[in-house]
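What follows is a set of notes on a single structure, which appears directly below.
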Amino acid sequence: MKLKLFLAANAAILAFVTVASADGYTAPQPTPEPVVVETQADHDWSGAYVGGTLSYFSGSTAFCDNSFLGTECNNLQVDTPEPEAEGGMIGVTAGYDWQSGSLVYGVVGDLMFGDLSGMAPSNINYGCGAGCEYDVQSVAMLRGRLGYAMNDFLVYGSAGVAISRVSIGETGVSSSDDTVTNFVVGLGGEYMLSDNLSAGLEVLHFIESDDSVIDDAFCGVGNCGGTDFSATAVRAALVYRF
């Protein structure tokens, strides 16, 4: 009797499944496990960094002689020699960045050394014998940076102040040394090569300064020398980030 009931129940279940399948019914399927796709996190640009730099500078200045007029040397009255100082510089850089979302901001200092030499021949308004020379020996900069990060790539602008050590005088004969201060602005980009190493390239412009370097060898305490120094530089950097 029990065997007959068991067989009848199985027959009923089989009939129900057959009818349900014919009516388009499908048994419930198990819910698939969610697929988790791992994505690479954006690079964090915040922190301290140090590095080395290689730069090419192209600058210009003007010699001036207002000693007979009793005015400042940077008040140019006539055409005078205008040497263009050009050359390469090597240096070091160090700074610190903070990051908020894609916004990166920070401060950076640079110290560069080289020999940017420029010479212009004497003219009727200013004589230097063998030539009027204007040399740049070193440049120190302190700037703020503001940029936008796109994972491993950072674009930024910068602005600050630069102090240059310069020398003026007659080629091969005499010179006078002093410092010149310029406001400097720049645009650049940096690419993250690895977790701690990045490479950058930027263009800097030294806005024309009216600081005068007085040529004591020619003028004594008079108002003659070099003034209106400005420059443009292309700078490459290799940086280690902590």
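The values are calculated or read from the model by the stated rules, or taken from the named source; none is laboratory data. Just so you know, these numbers come straight off a predicted model, no measurement behind them. Counting neighbours? That spans all protein chains shown, and the Cβs are built from the backbone with ideal geometry, glycine included.
Residues being under 15 Å from V173 (Cα atoms) and either in contact (Cβ under 8 Å) with a residue 60 or more places away in the chain or of a type in the set (V, I, T) (or both): count how many of those fall in segment 118-137.
Matching residues across segment 118-137 total 3.
Kindly establish whether G87 is touching a strand residue (DSSP E or B) at 6+ places or on another chain (Cβ under 8 Å), closer than 25 Å to T232 by Cα and surrounded by 19 or more Cβ atoms within 10 Å (Cβ to Cβ). Walk me through how you get there before you give the answer.
Numbers: touching a strand residue (DSSP E or B) at 6+ places or on another chain (Cβ under 8 Å): yes; closer than 25 Å to T232 by Cα: yes; surrounded by 19 or more Cβ atoms within 10 Å (Cβ to Cβ): no.
No, not satisfied.
Quick check on S176: is it assigned to a strand (DSSP E or B), over 16 Å from E84 (Cβ atoms) and either among the acidic types (D, E) or modelled with pLDDT under 85 (or both)?
On the way: assigned to a strand (DSSP E or B): yes; over 16 Å from E84 (Cβ atoms): yes; either among the acidic types (D, E) or modelled with pLDDT under 85 (or both): yes.
When the stated conditions are applied, S176 passes them.
Identify all residues within segment 47-74 that are outside any strand (DSSP E or B) and either in contact with a Gly (Cβ under 8 Å, 6 or more places away or on another chain) or within 24 Å of M119 (Cβ to Cβ) (or both); write none if there are none.
Here is the first cut: in segment 47-74, the ones outside any strand (DSSP E or B) are 66-74.
Across segment 47-74, the qualifying residues are N66, S67, C73, N74.
For Y96, which of the numbered conditions (1) assigned to a strand (DSSP E or B); (2) at pLDDT below 95; (3) farther than 22 Å from D177 by Cα fails to hold?
(2)
Of all residues in segment 148-177, which are farther than 26 Å from S209 by Cβ and polar (S, T, N, Q)?
N151
Does V136 qualify as being in contact with a Leu (Cβ under 8 Å, 6 or more places away or on another chain) and either assigned to a strand (DSSP E or B) or at pLDDT 95 or above (or both)?
Details: in contact with a Leu (Cβ under 8 Å, 6 or more places away or on another chain): yes; either assigned to a strand (DSSP E or B) or at pLDDT 95 or above (or both): yes.
In short, yes.
Would segment 95-109 turn up any residue that is polar (S, T, N, Q), in contact with an Asp or Glu (Cβ under 9 Å, 6 or more places away or on another chain) and within 28 Å of L76 (Cβ to Cβ)?
Scanning segment 95-109 turns up no residue that is polar (S, T, N, Q), in contact with an Asp or Glu (Cβ under 9 Å, 6 or more places away or on another chain) and within 28 Å of L76 (Cβ to Cβ).
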